[in-house]
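Asker: Below you'll find the structure I mean.
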Amino acid sequence: MLDYVVVFTKGGIILWDFNSSDFTYNTCINNVIRTIVLEERNTDYKYFENQNLAVQFKLDNELDLVYAVVFQKVIKLNYVEALLEDMQRKFKRMFVEMLVSVQRLCTSYDFSKEYQLTLSSVEKSANKVNMAPKQMRSFNESTKSKKNVASMYDETKTEKEKKVVIQETSKQQQASATTVNFILENRKKLKEKLAGKKSPTECKSTSLEKAGKKPRVWDLGGSAKDAVVLDRSKDQPQDVQYKNIQNDIVGTMQGSIRDLEVESDDDIIEFDERKSANSKKKAKSSGILSYFRGIVGSKILSKPDLQPALEKMRDHLISKNVAADIANQLCESVATNLTGKSMGTFDSIASLVKNSLTTSLVHILSPKRRIDIIRDALEAKSVGRPYTITFCGVNGVGKSTNLAKICFWLIENGFSVLIAACDTFRAGAVEQLRIHTRHLNALHPPESHNNRTMVYLYEKGYGKDAAGIAMEAIKYAFDNSIDIVLVDTAGRMQDNEPLMRSLSKLIKVNDPDLVLFVGEALVGNEAVDQLVKFNQSLADYSANENPHTIDAIVLTKFDTIDDKVGAAISMTYVTGQPIVFVGTGQTYSDLKALNVNAVVRALMK
């Protein structure tokens, strides 16, 4: 069932492996290291697919080891996580002394016997769970079988009785309401008859006032002596006696309440200013000793320790315009990378999280493969064919404008360029490219380039097939020895299936050397959705076995976001494709390469 099992270091050195076939799995493991481990895109149990193989692995950050299992993708194994967990525990137990020594790479690790025992134990446990399916209830055990005609009749009868009771109750309530209204009307008439006459209650109160008010005697109210003392309505010098009784009730308080020593989250002890000098000195010395006692020595980090710092870091990333899902995945990656590691004597969790995330962001933004347009264009020119670049993206992101900026950059490097106007849908798209062509030729006239025109525009108007226009433009460039062809396509939303099929057809028919996705830096979560669906549509709607998807990204409007550069992380993290150009400003020279370190600094600021 398992094709390959391996234990290797994060540096790629194999300590032990088990291969059940003669096939080599080096390419598969190298893809895992390159795509997941080096970029720190980790979770506890990571699942990675490589063609028809699946790789599931677990990291041991304490010893910088990776435990990986390779099996066929069509097979679903539910015991792999338990196997990796047991392998990690037993491998560390057997070879912990060699793993921590300096000469650990020069020793042999014989783990085959222990692995076979672990695998058989895990498989038996999984089979026991699978062989005990849940028994279905029989019809006699269900509640439906207990119902019969008599029970249904009883239920119907009960419902009718309930309706009768409800009707009778409502009639009684109406009758009682009528009675209450009648009584209130009679009381009103009685008050009107007695108007102007003094009521017996008023007469009684007047006679009581003449006779003098008598104090009420309360139960458990104390003796008569206490009542006389507490009677403050009379002008008697009884203040001393009153104070004595008050002291007997409340009691006297002797001594003082000791101040509480509170330790904050940052391990800073605050002392009350009302303490004496001796107590303040004693409390401060004990607090400092307890502080140093807590941080001296190495501490193994766990997920609960990292959780507060990770939550703050996630909120910070989202505030920098990183997509919420990407921010969660980045924080989960940092948690997996730090869990199990030892924290230094004077290190803080916040600094460890920040440093780990910074390293991960640099890996993500760094190109995974070489994209050198100048070199590739020179190689295509040497074999006598034009180098083709296709621009795609949603509406309004600035494809035509940044195409003109890239065209200016290519002219500055001595290439002649043909712009193919394949946006046959938007009104004014061809006229916009015509104006750009005229301005670029004015900046680089033929007189400055040996009477050679540097920029050409190939157009066929509106309403035509974009794929056909691009094919004709490439053929025209080939016949006239033009170095580079820039194909401008119509903007389209990522959910528009007919237009996405048209774009896929254009790329399939013409097979450009480079497909650039143009996105804007103002979007967060939307950037992920755009890039994923564009990439997926190019793969789904292409009939080729290896479809040509997005190769790189152009990020526009980068000068409008200040330090909220999270879109660069979101777009690069999704497909792993690099950002080759960053568009800023309103002139042709406002085209820059992405500065990875500057972006990471702005993101972590």
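Residue-wise test of (1) modelled with pLDDT of 95 or more; (2) aliphatic (A, V, I, L, M); (3) open to solvent by less than 90 Å² (accessible area, probe 1.4 Å).
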site	(1), (2), (3)
D423	no, no, yes
L443	no, yes, no
E447	no, no, no
A466	no, yes, yes
G491	no, no, yes
L503	no, yes, yes
L506	no, yes, yes
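Asker: Still on this model: Restricting to the stretch 425-464, count the residues that are closer than 18 Å to I389 by Cα and in a loop (DSSP other than H, G, I, E, B).
Answerer: So the count comes out to 2.
Asker: What number of residues within the stretch 406-424 are of a type in the set (V, I, T) and in a loop (DSSP other than H, G, I, E, B)? Give the steps one after another, and end with the answer.
Answerer: Narrowing the stretch 406-424 to residues of a type in the set (V, I, T): 406, 411, 417, 419, 424.
From what's left, in a loop (DSSP other than H, G, I, E, B): 424.
Adding up the residues that qualify gives 1.
Asker: Further, regarding this structure: What residue, of F517, F534, is at pLDDT 90 or above, open to solvent by less than 40 Å² (accessible area, probe 1.4 Å) and in a helix (DSSP H, G or I)?
Answerer: Matching residue, one of F517, F534: F534.
Asker: Any idea which of L338, L317, L378, L403 is hydrophobic (A, V, I, L, M, F, W, C), open to solvent by 60 Å² or more (accessible area, probe 1.4 Å) and either under 30 Å from N480 (Cβ atoms) or modelled with pLDDT of 85 or more (or both)? Break it down stepwise before answering.
Answerer: Working: L338 fails: open to solvent by 60 Å² or more (accessible area, probe 1.4 Å); L317 fails: open to solvent by 60 Å² or more (accessible area, probe 1.4 Å); L403 fails: open to solvent by 60 Å² or more (accessible area, probe 1.4 Å).
Going through L338, L317, L378, L403 in turn, just one is hydrophobic (A, V, I, L, M, F, W, C), open to solvent by 60 Å² or more (accessible area, probe 1.4 Å) and either under 30 Å from N480 (Cβ atoms) or modelled with pLDDT of 85 or more (or both): L378.
Asker: How many residues, within the stretch 6-57, are open to solvent by less than 70 Å² (accessible area, probe 1.4 Å), modelled with pLDDT of 75 or more and touching a helix residue (DSSP H, G or I) at 6+ places or on another chain (Cβ under 7 Å)?
Answerer: Matching residues across the stretch 6-57 total 9.
Asker: Going by the structure shown, is A427 of a type outside the set (S, T, Y), open to solvent by less than 60 Å² (accessible area, probe 1.4 Å), out of contact with any Asp or Glu (no Cβ under 7 Å at 6 or more places or on another chain) and at pLDDT below 95?
Answerer: Numbers: of a type outside the set (S, T, Y): yes; open to solvent by less than 60 Å² (accessible area, probe 1.4 Å): no; out of contact with any Asp or Glu (no Cβ under 7 Å at 6 or more places or on another chain): yes; at pLDDT below 95: yes.
Considered against the rule, which asks whether it is of a type outside the set (S, T, Y), open to solvent by less than 60 Å² (accessible area, probe 1.4 Å), out of contact with any Asp or Glu (no Cβ under 7 Å at 6 or more places or on another chain) and at pLDDT below 95, A427 comes out as no.
Asker: Does V582 satisfy being open to solvent by less than 10 Å² (accessible area, probe 1.4 Å), in contact with a Ser or Thr (Cβ under 9 Å, 6 or more places away or on another chain) and not acidic (D, E)? Talk me through it step by step, then tell me what you get.
Answerer: Numbers: open to solvent by less than 10 Å² (accessible area, probe 1.4 Å): yes; in contact with a Ser or Thr (Cβ under 9 Å, 6 or more places away or on another chain): yes; not acidic (D, E): yes.
Yes: the conditions hold for V582.
Asker: State which residue is farthest from the chain's Cα centre (by Cα) when the search covers only the stretch 381-400 and only residues that are over 21 Å from L499 (Cβ atoms) and crowded, with 21+ Cβ neighbours inside 10 Å. Even if it seems obvious, please write down each step before you answer.
Answerer: Here is the first cut: in the stretch 381-400, the residues over 21 Å from L499 (Cβ atoms) are 381-387.
Those left that are additionally crowded, with 21+ Cβ neighbours inside 10 Å: 386-387.
Details: P386: 43, Y387: 39 Å.
Among those residues, the one meeting the criterion is P386.
Asker: I'm checking my understanding of the structure. Among residues of the stretch 71-89 that are part of a helix (DSSP H, G or I) and in contact with a strand residue (DSSP E or B) (Cβ under 9 Å, 6 or more places away or on another chain), which one is nearest to A54 (Cα to Cα)?
Answerer: Once the filter is applied, the top-ranked residue is V80.
Asker: Condition first: in contact with a Gly (Cβ under 6 Å, 6 or more places away or on another chain) and under 22 Å from G583 (Cα atoms). Can you find one or more residues in the stretch 373-390 that meet it? Don't jump to the end; show me each part of the working.
Answerer: Step one: of the stretch 373-390, the residues in contact with a Gly (Cβ under 6 Å, 6 or more places away or on another chain) are none.
No, that holds for no residue.
Asker: Considering only residues that are within 17 Å of V397 (Cα to Cα) and in contact with a strand residue (DSSP E or B) (Cβ under 7 Å, 6 or more places away or on another chain), which ones fall in the stretch 573-589? Before the answer, list the steps.
Answerer: Let us first name the residues in the stretch 573-589 that are within 17 Å of V397 (Cα to Cα), namely 579-588.
If the condition is that a residue be within 17 Å of V397 (Cα to Cα) and in contact with a strand residue (DSSP E or B) (Cβ under 7 Å, 6 or more places away or on another chain), then I579, V580, F581, V582, G583, T584 are the ones that fit.
Asker: Quick one: what pairs do we get from the stretch 445-465, first residue within 16 Å of N413 (Cα to Cα), second in a loop (DSSP other than H, G, I, E, B) and open to solvent by less than 70 Å² (accessible area, probe 1.4 Å), C-beta under 6 Å, 6+ apart or different chains?
Answerer: Taking only residues 6 or more apart or on different chains, the pairs are P446/T453; M454/S416; M454/H444.
Asker: What's the total number of residues in the stretch 496-527 that are of a type in the set (V, I, T) and within 18 Å of G396 (Cβ to Cβ)? Give the steps one after another, and end with the answer.
Answerer: Here is the first cut: in the stretch 496-527, the residues of a type in the set (V, I, T) are 507, 509, 515, 518, 523.
Filter once more, keeping what is within 18 Å of G396 (Cβ to Cβ): 518, 523.
Summing the residues that are of a type in the set (V, I, T) and within 18 Å of G396 (Cβ to Cβ) in the stretch 496-527 gives 2.
Asker: Find all pairs meeting these conditions: Cβ atoms under 6 angstrom apart; at least six residues apart or on different chains; first residue within the stretch 551-575 and among the acidic types (D, E); second residue in a helix (DSSP H, G or I).
Answerer: Note: pairs meeting the criteria are D563/A602.
Asker: For the stretch 550-570: of the residues being touching a strand residue (DSSP E or B) at 6+ places or on another chain (Cβ under 7 Å) and part of a loop (DSSP other than H, G, I, E, B), which is nearest to Q586 (Cα to Cα)?
Answerer: Going through the qualifying residues, I end up with K557.
Asker: What pairs come up if the first residue lies in the stretch 323-345 and is more than 11 Å from K303 (Cβ to Cβ), the second is assigned to a strand (DSSP E or B), and their beta carbons are under 8 Å apart, counting only those six or more places apart or on different chains?
Answerer: N337/L59; K341/I300; S342/K299; S342/I300; M343/K299; M343/I300
For every residue, the table says whether it meets (1) within 30 Å of K312 (Cα to Cα); (2) under 19 Å from the mean Cα position of the chain (by Cα); (3) touching a residue at least 24 places away in the same chain (Cβ under 8 Å).
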| site | (1), (2), (3) |
| --- | --- |
| K508 | no, no, yes |
| F517 | no, no, yes |
| H548 | no, no, yes |
| Q577 | yes, no, yes |
| V582 | yes, no, yes |
| T587 | no, no, no |
| A598 | yes, no, no |
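Asker: While we're on this one: Hey, could you check the stretch 341-359 for residues that are modelled with pLDDT under 85 and of a type in the set (D, E, K, R) and say which is surrounded by the fewest Cβ atoms within 10 Å (Cβ to Cβ)?
Answerer: Looking at the filtered set, the residue picked out is D347.
The values are calculated or read from the model by the stated rules, or taken from the named source; none is laboratory data. No experiment lies behind these values; they were computed from the predicted model shown. Note that each Cβ is placed from the backbone with ideal geometry, even for glycine, and that neighbours are counted across all protein chains shown. The protein model used for the area step is the full one, side chains on, heavy atoms only, and it has no ligands, DNA or RNA in it. Shrake-Rupley method; radii C 1.70, N 1.55, O 1.52, S 1.80 Å.
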